[in-house]
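Note sheet for the following structure.
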Amino acid sequence: SKMFYILPEWSRMVLLRLGKFEDVRGPGYFMIPPFLYSVAAIVDTRIETHQVEATATLTKDNVPTKVTAALEFSVEDPKKAVIDVQNFRQTVIWLSTEALKNTIGSLDLKDLLSERDQIAESLKDQIDSDAQNYGIDVRAVRITDVDTPPSLVEELAVIARSRRAAIAKQLQADAEVAVAHKIAEASRILEEAKGGIRLRELQILNEMSKEE
């Protein structure tokens with residue numbers, strides 16, 4: 001039973017000869033002679049999805065936050081995944097957790113809540129760079145949940161509303177200044193034009209006469 005192997009399309013066999021790496025085989029049917037050869041591991045190369053969490057991590061503005069992310073990866077180099085590391089899954093999850101904590105600590109809560117896509121892409125690049133040493137290809141990282149104290153979320157909402165109100169007032173003031181400049185310009189033109197003021201008075205009277 002340990003001589004004959006039939007590997008499905010997604011499996012790869014890491015083969016040793018007298019304890020040393022010999023080859024990566026699969027998929028298909030193989031006969032492995034005993035004693036001389038041994039199978040180190042049979043690796044599944046399909047995409048795996050794991051959840052990673054960074055609990056009670058302080059953001060840059062000292063807010064305790066729990067962030068949950070979904071990690072997608074697959075074995076790209078079976079030799080490295082089996083020979084160079086004892087447990088590649090546990091190692092990749094540990095790398096992802098550390099990268100997630102470091103990223104949270106470098107950001108304010110506001111940025112963490114509003115820039116999820118950019119943060120996830122940055123995390124993917126960081127984790128993939130380290131995971132390549134173990135033959136792992138990190139395909140995607142998605143931030144699925146950011147758990148913050150409700151009181152802080154309400155404070156951020158109040159700040160956002162105040163900021164929007166201030167912007168609206170600023171826009172209104174800018175519009176009034178622009179209108180004032182136009183009125184001043186129109187007044188100057190009417191004063192310089194012969195009979196301009198009188199003509200404007202007649203236009204106003206004409207408009208008033210049309211109203212009930």
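Brief remarks follow.
- On the chain, 53 percent of the accessible area sits on carbon and sulfur atoms, based on a 1.4 Å probe.
- 0 to 90° range, to nearest 10: angle between helix 196-210 axis and the chain longest Cα axis: 80
- Volume of the Cα convex hull of the stretch 1-81, divided per residue and given in Å³: 130
- Think of each Lys and Arg Cβ as +1 and each Asp and Glu Cβ as -1; about the Cα centre, that makes the dipole of the chain roughly 460 debye.
- Mean Cβ count within 10 Å, highest first, over the residues of peptides 165-172, 22-29: 22-29, 165-172
- Projected-area mean, the stretch 27-131, by convex hull of Cα positions, square nanometres: 8.0
- Annotation: per residue accessible area for the chain equals 67 Å², rounded to a whole number [probe 1.4 Å, protein chains only].
- The value of relative contact order for the chain, using C-alpha pairs under 8 Å at least six residues apart, is 16 percent.
- Long pairs among Lys2/Lys80; Lys60/Lys169; Lys101/Lys124; Lys80/Lys101; Lys182/Lys210, criterion Cα-Cα beyond 20 Å: Lys2/Lys80; Lys60/Lys169; Lys80/Lys101; Lys182/Lys210
- Placed amide H near Glu22: partners under 5 Å, 5+ positions off or other chain: Leu15, Leu16, Arg17
- 0 to 90° range, to nearest 10: angle between helix 88-105 axis and the chain longest Cα axis: 20
- Expected 222 nm ellipticity per residue - DSSP helices of 4 or more, -39500 (n - 2.57), all of the chain, to 500: -16000 deg cm²/dmol
- Dipole-positive endmost among Ser162, Val138, Ile32 within the chain (Cβ charges, Cα centre): Ile32
- Proportion of all alpha-carbon pairs of the chain beyond 21 Å (%): 71
The values are calculated or read from the model by the stated rules, or taken from the named source; none is laboratory data. These numbers come from a predicted model, not from an experiment. FYI the Cβ positions are ideal-geometry reconstructions off the backbone, even for glycines, and counts take in every protein chain you see. All accessible areas refer to the heavy atoms of the entire protein, side chains included, with ligands and DNA or RNA removed. Shrake-Rupley method; radii C 1.70, N 1.55, O 1.52, S 1.80 Å.
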